[in-house]
Amino acid sequence: AALYRIDGWGAPYFTANTSGNISIRPHGSNTLPHQDIDLLKVVKKVTDPKPLGGLGLQLPVIVRFPDVLKNRLECLQSAFDFAVQSQGYGSHYQGVYPVKCNQDRFVVEDIVKFGSGFRFGLEAGSKPEILLAMSCLVKGNREAFLVCNGFKDVEYISLALLGRKLALNTVIVLEQEEELDLVIDLSRKMNVRPVIGLRAKLRTKHSGHFGSTSGEKGKFGLTSTQIVRVVRKLRESCMLDCLQLLHFHIGSQIPSTALLSDGVGEAAQLYCELVRLGAGMKVIDVGGGLGIDYDGSKSGDSDLSVGYTLEEYAEAVVASVRSVCDRRSVKHPVICSESGRAIVSHHSVLIFEAVSAAKPMAQEAHQVNHDDIQFLLECDEARVDYEDLYAAVMRGDQESCLLYVDKLKQRCVDGFKEGVLSIEQLASVDGLCEWVLKAIGASDPVQTYNINLSVFTSIPDLWGIDQLFPIVPIHKLDQRPGARGVLSDLTCDSDGKIDKFIGGESSLPLHELDGGGGRYFLGMFLGGAYEEALGGVHNLFGGPSVVRVSQSDGPHSFAVTRAMPGQSSADVLRAVQHEPEMMFQSLKHRAEKLMHTKGGGEDEDDEELNNVVACLDRSFNNMPYLATEP
Ligand code: PLP
């Protein structure tokens, strides 16, 4: 387990148990020992065929743990509650979850349900997101905020105003100055008093990858000139009391509390200025940015880690707002945050399988038969290269060996291109050279493990922005891995590979695949935020199966409370405008026509036809991933 730094990035939810498997501690540090969930048992339950008591689902699968989600929310809330209490802060914390991080219905519904006791709300950034947030919050706490961010048109603003008619606490956050006229106009027409927020473009800039949102040239928010104009216009429209919230977002994965305090301090000054100008200010919304430690280093020196805990984050936010407001004698506002990554990253694990491993050639190289390379001795130039190589091997001169291997190989490749060497002869030379490399200890020990997954569908940030996630075998952790590997996915795309891992490693310690048919399961952790939302269908590999697993006090420590097979081939074909039903019919029609005209016996034709139709039917309805039944 230490090899994979599990205690660093996994605590308090993931650990290696005494059977060598990954265990989930669904309630974090409050989990009792008998409540641990053995992930391998979950995978077995999910993948075993139905007659054996399993659910018969195909991998890859996303396993969601709602208890982890609940624990994350409660930890965030109690971190702020503690900071508020210990600093004598004069208001409270009331967060929202940005649904863009994972819009899955059950994730959002769970958050609304678990957060209802402390008025936890949602943030939306588009029309479908506001629709889903409104419908989920109908079942939530009436005071919970529905923060409406993003670019807005008449329809979006109308929806947000309609939300207030439905007694939802919608706040329209102006991201662009032009949105104000629409808000003023539509709220009059719809006879709704809106609650308005504005997003400020802060000068504080976060320098990591995620910081491009921030700073004066950031993509979003209003400049100070625009804020002054917005205040003026609202005053003229007798709506300055409607301006109640100040929002900013300096970027995701804020690396340090120093930067955070700097940004929050700047925003708090702006907040106080808006109070001075007469706005009805009540809430400061510090956006997202609460980071998580993907590599377990807690260093904060890259996009992969942050140098603070949840408690330190809350403490810094509350302290910065409080100190500015106290200096300006401004009443402490409600503090809102839009943490997405920190809430949902831990709640799901992506499980996939390594199906085969291609050893580097050197590991396959056998002693080369003398007859196979006899031809080398028949060509003067090749013979010299061969003899030089032979002498270098005998001397144990590694440097010369490498040189002569290259030379001999190049000469033989030239010979092959000229048509002088056969493919068998070329293969013999390759074999000889690989054998030499192995003999002198210069062979590449890294194997390529083929994984039944699409990086583009399931880990898009790995491909898009080089984001790394902890990837670990979920079993055999009590056995020392005998190999090192890089992972190659199913897509026909050279970018579909994983050859960078946390800790700066270019390969992962892995166990040799069991030739006897034993399966080898790997887990990708901390990917609950953004990865599902951003994934595409490159090569038409669709979304994985999804199961929801809760801690249970029954005979097993867990219960699968929901199971959804992943997208079938028909589903992904439909997503790119094909019509699978028609495709099936036309292929079936062709089969009927051809199989009845073949002239075999009637029964034989019928059986073949039935087989063809059944095969087509299965192919449309199964997932596009490799079928790897044991
Ligand atoms: N709020 C806004 C406006 C954002 O743009 C984002 C993401 O970038 C978030 C909240 C969520 O940020 P995080 O996932 O860092 O908590």
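No lab work stands behind these numbers, since they all come straight from the coordinates. Computed from a prediction, not measured in an experiment: that's the story for all the values here. Don't worry about glycine lacking a Cβ; one is built from the backbone with ideal geometry, like all the others, and counts go over all protein chains shown.
Between the helical axis of 66-86 and the longest alpha-carbon principal axis of the chain there is an angle of about 40 degrees. Both radii come from the Cα set of the stretch 445-505: Rg as radius of gyration, Rh as Kirkwood radius; their ratio Rg/Rh reads 0.96.
For the stretch 214-290 and the stretch 540-600, what is the centre-to-centre distance using only Cα atoms, to the nearest Å? Their Cα centres are 48 Å away from one another.
Taken over the chain, the percentage of Cα pairs per 20 Å bin, counting from 0 up to the bin with the maximum distance, is 17, 40, 29, 12, 2.
Note on the stretch 20-109: Cα-only Rg and Dmax are 18.0, 60 Å. What number comes out for the charge environment of residue 166, summing +1 per Lys or Arg and -1 per Asp or Glu over other residues with Cβ under 15 Å away? That works out to +4.
A viscosity of 1.567 mPa s and a temperature of 4 °C, combined with the Kirkwood radius over Cα pairs in Stokes-Einstein, give a translational diffusion coefficient for the stretch 361-439 of 104 µm²/s. Placing unit charges on the Cβ atoms of the charged side chains and taking the dipole of the stretch 361-439 about its Cα centre, the candidate lying farthest along the positive direction among 373, 433, 386 is 433. If both residues of a DSSP beta bridge must be in the chain, then about 50% of such bridges are antiparallel. Taking other residues whose beta carbon is less than 10 angstrom from the beta carbon of residue 384, and scoring Lys, Arg as +1 and Asp, Glu as -1, yields -2. Based on C-alpha pairs under 8 angstrom that are at least 6 apart in sequence, the chain has a relative contact order of 15 percent. Ranked by the mean number of other Cβ atoms within 10 Å of their residues, highest first, the peptides 296-306, 279-289 fall in the order 279-289, 296-306. With contributions of -39500 (n - 2.57) from each DSSP H run of at least four residues, the per-residue ellipticity at 222 nm computed over the chain stands at -12500 deg cm²/dmol. Directionally averaged projected area (the stretch 571-621, Cα convex hull): 3.4 nm². Averaged over residues, the count of other Cβ atoms within 10 Å places the peptides 545-554, 95-104 in the sequence 95-104, 545-554, highest first. Each part gets one Cα centre, and for the stretch 134-199 versus the stretch 1-61 those centres are 42 Å apart. Calculate the tail of P(r) for the stretch 529-586: the fraction of all Cα-Cα distances greater than 15 Å, expressed in %. Roughly 64 percent, once rounded to a whole number. Neighbours of residue 483, meaning other residues whose beta-carbon lies under 10 angstrom from its beta-carbon, give a summed charge of +1 when Lys and Arg score +1 and Asp and Glu score -1.
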